[in-house]
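Report on one structure; see the data block that follows.
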Amino acid sequence: YTLSLHDALPISCKTIKRLNSMGKERFTVAVNLSVNQLYEKDFVEKVDEILDEVQLCPEYLEFEITERIALKGNKDVFKTLTDLRDMGIKISIDDFGTEYSSLMNIKKIDIDKIKIDMQFIRGVTEQEKDAAIVSSIIDLSHNVGVTVIAEGVEKKEQLNYLKVKRCDEVQGFFYYKPMPEREIYKIDRKSVV
């Protein structure tokens, strides 16, 4: 988001509430966090106030941090992330594998999800190295109790490979391209019928 936390997060939370009021399925929406937001004074309290104001359960909100933030994070950042997670908000590492992937970060930060960067997903059916890396990330994540999401799935062959490897979730153009909120409502209504 280019909006400030005070503008963007209430909009996101209200959208989640609307989506979750429509049908049986419950949506979790991921919001990217910048390192500056994690250093904001009283960040956790501000998030808690917004959730309370919108009356949204924290379990439907997910904050994504990049691997770079995890690498550069200090104990204050890790405490902020832990406090957010203690509130019930999910924490994920986005674009995993694009920086100097450090297993220490998985140990230091209590995360819920790892999102494998699309650069690896593109090659899983053609490049042995990409396939080996993706398979290893999935196995490692499962072994430490972390959900795995594959980003950038565009082909049926990629999806089939990820199913065989027991990847938990996928996202990408194979299913949907980015769309306005009203289009999500239409899709959700069709899935309920």
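Counting only residues that are open to solvent by less than 60 Å² (accessible area, probe 1.4 Å) and in contact with an Asp or Glu (Cβ under 7 Å, 6 or more places away or on another chain), which one in segment 104-134 is modelled with the lowest pLDDT? Spell out how you get there, then give the answer.
Going residue by residue through segment 104-134, those that are open to solvent by less than 60 Å² (accessible area, probe 1.4 Å) are 105-106, 109, 111-117, 120-121, 123-124, 130-132, 134.
Among the residues that remain, those that are also in contact with an Asp or Glu (Cβ under 7 Å, 6 or more places away or on another chain) are: 115-117, 120-121, 123-124.
Details: LYS115: 92, ILE116: 92, ASP117: 89, PHE120: 92, ILE121: 95, GLY123: 92, VAL124: 95.
Here the residue is ASP117.
Taking helices (runs of 4 or more DSSP H) that fall entirely within segment 1-103, which contain at least 3 residues that are modelled with pLDDT under 85 and closer than 30 Å to ALA131 by Cβ?
Numbers: elements: 5-20, 35-39, 43-54, 67-72, 75-87.
It comes to 67-72.
For every residue, the table says whether it meets (1) closer than 23 Å to GLU62 by Cα; (2) at pLDDT 95 or above; (3) among the aliphatic types (A, V, I, L, M).
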| position | (1), (2), (3) |
| --- | --- |
| LEU140 | yes, no, yes |
| ASN143 | yes, no, no |
| LEU159 | no, yes, yes |
| VAL164 | no, yes, yes |
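Would it be correct to say that VAL153 is among the aliphatic types (A, V, I, L, M) and over 30 Å from ASN74 (Cα atoms)?
Details: among the aliphatic types (A, V, I, L, M): yes; over 30 Å from ASN74 (Cα atoms): yes.
Spelling it out, VAL153 is indeed among the aliphatic types (A, V, I, L, M) and over 30 Å from ASN74 (Cα atoms).
For segment 115-174, which fully contained helices (runs of 4 or more DSSP H) count at least 1 residues that are acidic (Asp, Glu)? Break it down into steps so the answer makes sense when it comes.
Working: elements: 118-122, 128-143, 156-164.
Fully inside segment 115-174 and qualifying: 128-143, 156-164.
Within the group GLU53, GLU45, which residue is without any contact (Cβ under 8 Å) to a residue 12 or more places away in the chain and loosely packed, with under 15 Cβ neighbours inside 10 Å? Walk me through how you get there before you give the answer.
On the way: GLU53 fails: without any contact (Cβ under 8 Å) to a residue 12 or more places away in the chain.
After ruling out the rest, the residue left standing is GLU45.
ILE137 is checked against (1) surrounded by 13 or more Cβ atoms within 10 Å (Cβ to Cβ); (2) at positive phi and fails just one. What number does that condition carry?
Only one criterion is unmet by ILE137, namely (2).
The values are calculated or read from the model by the stated rules, or taken from the named source; none is laboratory data. Worth saying up front: this structure is predicted, and the values here are computed from it rather than measured. Note: ideal-geometry Cβ built from the backbone for every residue, glycine included; neighbour counts use all protein chains shown. The protein model used for the area step is the full one, side chains on, heavy atoms only, and it has no ligands, DNA or RNA in it. Shrake-Rupley method; radii C 1.70, N 1.55, O 1.52, S 1.80 Å.
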